[in-house]
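Heads up: the structure comes next, in structure tokens.
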Amino acid sequence: MKSILKYSLKENGVCFLPKIFNKEEILLCQKELQEVIKGVYQSEKAPEARFWEVGDDPHSIIKIDKPHICNQVIWDFITKKEFGYALAKATESKKIKVWHSQLVWKPKSKGRSGNAGWHRDSQYWPFWSEKGLFTAWIALTNVTKKSGPVKYIINSHLWNDIVGLDFFNKDLTTQNKIIRSVSDKPEEIISGTINRGEVLIHSSLTYHSSEKNEEEEPRIGLVVHFCNEHADQVKTKGENANYLNFLNDNWTAPLIYEK
Ligand SMILES: O=C(O)CCC(=O)C(=O)O
């Protein structure tokens, strides 16, 4: 409870929300996510991208992009009315649109297999402005210190971009050195140790990472990237030029709150 009150999204770049999803909803969603992992898509739509295939290393992070388009149960989960309302309240928004989601299923790790490198989400989104873009991390399992919680650098949403950091780079030792070399005072890092059904929100500019899962059970996060009425599209050239063309498709990019 202390952490919920302590951190503010505007000031610190991250905040904790109380429990939004109940056990039944979560277990049902987990079951359907397992179908998606197996490559079974109830909606007949494949996810946008898969970074793990059946038969791959069982200790690797299973990252699947836009699982919500594959399955009605997952779609219903991320469009839950109370969730939309809570996101709007925390971000002081009139409108909340989900435009991306990710399953980040982290089994017990081996070596560096469970590491997700330091990054800010905006570095992957050249087609979006920096304002009005946020990420909600929904815990589908209890997240303990040993299960590889997401770690956030407090106030790092106010930092300049740091070159050399990347989600897919598992070498956290080198990345930590890069961060130390650009920051003039020791950074305050908090761990997203939250209970199943609770949610963390961070700004698209907040630096975050996660380390190995030492627990026997997987650490499961459903990540929801959303925007509010202040977000602007940015014209880009090349492979991302038409990326956001799905924004008016409510299945892919559901509007989950409007005042
Ligand atoms: O779940 C993780 O370990 C990383 C999640 C992440 O990078 C994100 O929420 O943007």
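The values are calculated or read from the model by the stated rules, or taken from the named source; none is laboratory data. Treat the numbers as computed from the prediction; the structure is a model and nothing was measured. Here Cβ is always computed from backbone atoms with ideal geometry, including for glycine, and neighbour counts include all displayed protein chains.
What do you reckon, is residue 182 away from the ligand (no atom under 12 Å from the Cβ), more than 21 Å from the chain's Cα centre (by Cα), at pLDDT below 95 and among the β-branched types (Val, Ile, Thr)?
For residue 182, the condition - away from the ligand (no atom under 12 Å from the Cβ), more than 21 Å from the chain's Cα centre (by Cα), at pLDDT below 95 and among the β-branched types (Val, Ile, Thr) - is met.
So, of the residues in region 189-231 that are among the small types (Gly, Ala, Ser) and outside any strand (DSSP E or B), which turns out to be surrounded by the most Cβ atoms within 10 Å (Cβ to Cβ)?
Checked region 189-231; the qualifying residue surrounded by the most Cβ atoms within 10 Å (Cβ to Cβ) is 204.
Could you check region 41-59 and list, in sequence order, the residues that are within 16 Å of the ligand (Cβ to nearest atom), among the hydrophobic types (A, V, I, L, M, F, W, C) and assigned to a loop (DSSP other than H, G, I, E, B)?
Hits for region 41-59 are 51, 52.
Yes or no: residue 230 within 14 Å of the ligand (Cβ to nearest atom), closer than 24 Å to residue 126 by Cβ and not basic (Lys, Arg)?
Spelling it out, it is not the case that residue 230 is within 14 Å of the ligand (Cβ to nearest atom), closer than 24 Å to residue 126 by Cβ and not basic (Lys, Arg).
Please list, ordered by first then second residue, the pairs with beta carbon atoms under 7 Å, 6 or more apart or interchain, first in region 15-40 and outside any helix (DSSP H, G or I), second β-branched (Val, Ile, Thr) and loosely packed, with under 12 Cβ neighbours inside 10 Å.
Listed by first residue and then by second, the contacts come to 39/54.
Please verify whether region 60-72 includes one or more residues that are in a helix (DSSP H, G or I), within 27 Å of residue 110 (Cβ to Cβ) and either in contact with a strand residue (DSSP E or B) (Cβ under 8 Å, 6 or more places away or on another chain) or free of Cβ contacts under 8 Å to residues at least 24 places away in the same chain (or both).
yes
Please enumerate the residues belonging to region 151-168 that are within 13 Å of the ligand (Cβ to nearest atom), farther than 16 Å from residue 10 by Cα and surrounded by 17 or more Cβ atoms within 10 Å (Cβ to Cβ).
Once the filter is applied, which keeps residues that are within 13 Å of the ligand (Cβ to nearest atom), farther than 16 Å from residue 10 by Cα and surrounded by 17 or more Cβ atoms within 10 Å (Cβ to Cβ), region 151-168 yields 151, 165, 167.
Condition check: surrounded by 15 or more Cβ atoms within 10 Å (Cβ to Cβ), over 30 Å from residue 255 (Cα atoms), modelled with pLDDT of 95 or more and more than 11 Å from the ligand (Cβ to nearest atom). Does residue 146 satisfy that?
Taking the combined requirement at face value, the residue does not satisfy it.
Suppose we filter 65, 56 for residues that are touching a Pro at 6+ places or on another chain (Cβ under 6 Å) and surrounded by fewer than 20 Cβ atoms within 10 Å (Cβ to Cβ); which single one remains?
Going through 65, 56 in turn, the sole match is 65.
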